[in-house]
Amino acid sequence: MKRRRVCFVLPSLNGGGAERAAVAIINGMDAAAWDRSMYLFKREGAYLNDLSPAVHLSSGRSFAGAAKVARLRRYFNDTQPDVVVAFLSYVSVLVAARTSTAHARVVFNQQTPVSSFLDDRDYAWARFWHRQVFTAASRVAYGRADLVIATSTGVADDVHEYLAVSASRVRIVPNPVDLPRIAAAAAEAMDDADRDAWVRPAIVAAGRLAEAKNIPLLVDAVALLPPDLDAHLFVLGEGDHAASIHAAIARHGLGDRVRLCGFRRNPWRYFANADLFALTSRYEGFGNVLVEAMACGVPVVATGSPGTRDIVQDGANGLLVEAHTPAAVAAALERVLRDADLRSRLADGARRSAERYALPAIVDQYETLFEELTAA
């Protein structure tokens, strides 16, 4: 049987959940059934070394301009993929595919709710006309894609309602988690400096220090915890909002109880040593780090958003906080930290729930969708 050709297209393999998911999925696909390739508009990023040598890697030279579309079109002319999967840069990928000689099915992988993304102050949507042009272009592009894969029910609903994409052309497939890799990494010892600073009960948070992750909300919540708990917060990650987080820590006088640890290549060993994992994002399309913490057997507290509502079953595998306020988050943190039986029950539920996102099962869902598209 002839192998079908699938190509994943991304701006680069720099840092986020979409890039990591793309690498994991394409690495895991059946090499006997699929001729796998990846095209990057720019060959850079932390996940380059994670890409399997069996995946053909090609790249352009820049992120912007008509030249990048022309270069990608020539690549499709040469390689004739059967399926093209765009992770970001959706309009560019669609134009290149549709104007090439390839008769590829075009799939958009949607990781975030577009309406929330447009409200994110870290991006250039403050100008009304930027939002209008982006929205109009997106509605045209999404309407011409063969399929949109959304990472959660909330993201799927947003694509349908905000971008007017027919529900019949949207499928929900969550991001995968490499459970054996996480288990091995979680067993490693923490860095000496962090281990020396570790104080229980320990709350851990992880992610980009960005507007969407809303770490100041978590700091405000920790400030409301009763002094007798003596809870300590450890934040893994780096980003442009570090200064505002430091300001929140200073404002509450929490310098001895909140530690910004910076980037850690192996965050899972910190999760495994925590009493609680907290995610206080303004919005999440999925919540990779939430599932990873659950895989480490850690009770989780998360604010409600399109992605986290699919993952957290309140009271069964974590606590879901719909009110994004310091008092509501603090109440959930205190409830978990004071109740050892609840922590144990949530940890067990978290481990079981993480199995739903095992890499082989998610890859199988992707392959099934691609097979249906190429057979149509």
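The values are calculated or read from the model by the stated rules, or taken from the named source; none is laboratory data. Everything numeric in this text was worked out from a predicted model, so none of it was measured. In this analysis, Cβ positions are derived from the backbone assuming ideal geometry, glycine residues included, and neighbour counts consider all displayed protein chains.
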Self-check item: Residues of the stretch 162-175 satisfying the condition of being surrounded by 13 or more Cβ atoms within 10 Å (Cβ to Cβ) and in a helix (DSSP H, G or I)
Solution: 162, 169
Quiz item: Does residue 147 satisfy the criteria of being buried (at least 18 other Cβ atoms within 10 Å of the Cβ) and at pLDDT 90 or above?
Solution: yes
Quiz item: Within the stretch 176-198, can you find the residues that are touching a Lys or Arg at 6+ places or on another chain (Cβ under 8 Å) and part of a loop (DSSP other than H, G, I, E, B)?
Solution: 187, 188, 189, 190, 191
Quiz prompt | Filter result for residue 130 (part of a helix (DSSP H, G or I), at pLDDT below 90 and not assigned by TED's automatic domain parsing to the domain that holds residue 242) | solution = yes
Quiz item: Would you call residue 106 touching a helix residue (DSSP H, G or I) at 6+ places or on another chain (Cβ under 6 Å) and either surrounded by 15 or more Cβ atoms within 10 Å (Cβ to Cβ) or not assigned by TED's automatic domain parsing to the domain that holds residue 362 (or both)?
Solution: yes
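Please enumerate the residues belonging to the stretch 22-46 that are part of a loop (DSSP other than H, G, I, E, B), of a type in the set (Gly, Ala, Ser) and in contact with an Asp or Glu (Cβ under 9 Å, 6 or more places away or on another chain).
Kept after step one, since they are part of a loop (DSSP other than H, G, I, E, B), are these residues of the stretch 22-46: 29-33, 41-46.
Still in the running and of a type in the set (Gly, Ala, Ser): 31-33, 45-46.
Result: 33, 45, 46.
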Quiz item: Any residue in the stretch 336-350 that is under 19 Å from residue 181 (Cβ atoms) and either in contact (Cβ under 8 Å) with a residue 40 or more places away in the chain or loosely packed, with under 15 Cβ neighbours inside 10 Å (or both)?
Solution: yes
Quiz item: Is there a residue in the stretch 47-64 that is among the aromatic types (Phe, Trp, Tyr), in contact (Cβ under 8 Å) with a residue 40 or more places away in the chain, surrounded by fewer than 17 Cβ atoms within 10 Å (Cβ to Cβ) and outside any helix (DSSP H, G or I)?
Solution: yes
Practice problem: Tell me, please, whether a residue that is in contact with a His (Cβ under 7 Å, 6 or more places away or on another chain), farther than 25 Å from residue 297 by Cα, in the same structural domain as residue 304 (by TED's automatic domain parsing) and not small (Gly, Ala, Ser) can be found in the stretch 247-261. | Solution: no
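May I ask you to list the residues in the stretch 9-22 that are under 18 Å from residue 360 (Cα atoms) and either buried (at least 23 other Cβ atoms within 10 Å of the Cβ) or of a type in the set (Gly, Ala, Ser) (or both)?
Selection gives 17, 18, 19, 21, 22.
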Exercise. State which residue is farthest from residue 5 (Cα to Cα) when the search covers only the stretch 74-93 and only residues that are touching a Lys or Arg at 6+ places or on another chain (Cβ under 9 Å) and in a helix (DSSP H, G or I).
Key: 92
Quiz item: Which one is farthest from residue 229 (Cα to Cα) among residues in the stretch 257-268 that are surrounded by fewer than 20 Cβ atoms within 10 Å (Cβ to Cβ) and out of contact with any strand residue (DSSP E or B) (no Cβ under 6 Å at 6 or more places or on another chain)?
Solution: 265
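Are any residues in the stretch 347-376 under 13 Å from residue 82 (Cα atoms) and out of contact with any Asp or Glu (no Cβ under 7 Å at 6 or more places or on another chain), and if so, which ones?
369, 370, 371, 372, 375, 376
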Quiz item: Is it true that some residue in the stretch 93-108 is at pLDDT below 95 and under 30 Å from residue 284 (Cβ atoms)?
Solution: no
Quiz item: Condition test on residue 350, is it at pLDDT 95 or above, assigned to a helix (DSSP H, G or I) and touching a helix residue (DSSP H, G or I) at 6+ places or on another chain (Cβ under 7 Å)?
Solution: yes
Quiz item: Which one of 243, 250, 278, 274 is buried (at least 20 other Cβ atoms within 10 Å of the Cβ) and not in a loop (DSSP other than H, G, I, E, B)?
Solution: 278
Quiz item: Restricting the first residue to the stretch 292-321 and requiring it to be assigned by TED's automatic domain parsing to the domain that holds residue 274 and buried (at least 23 other Cβ atoms within 10 Å of the Cβ), which pairs with a second residue that is in a strand (DSSP E or B) and among the hydroxyl-bearing types (Ser, Thr, Tyr) meet a Cβ separation below 6 Å and a spacing of at least six or different chains?
Solution: 321/303
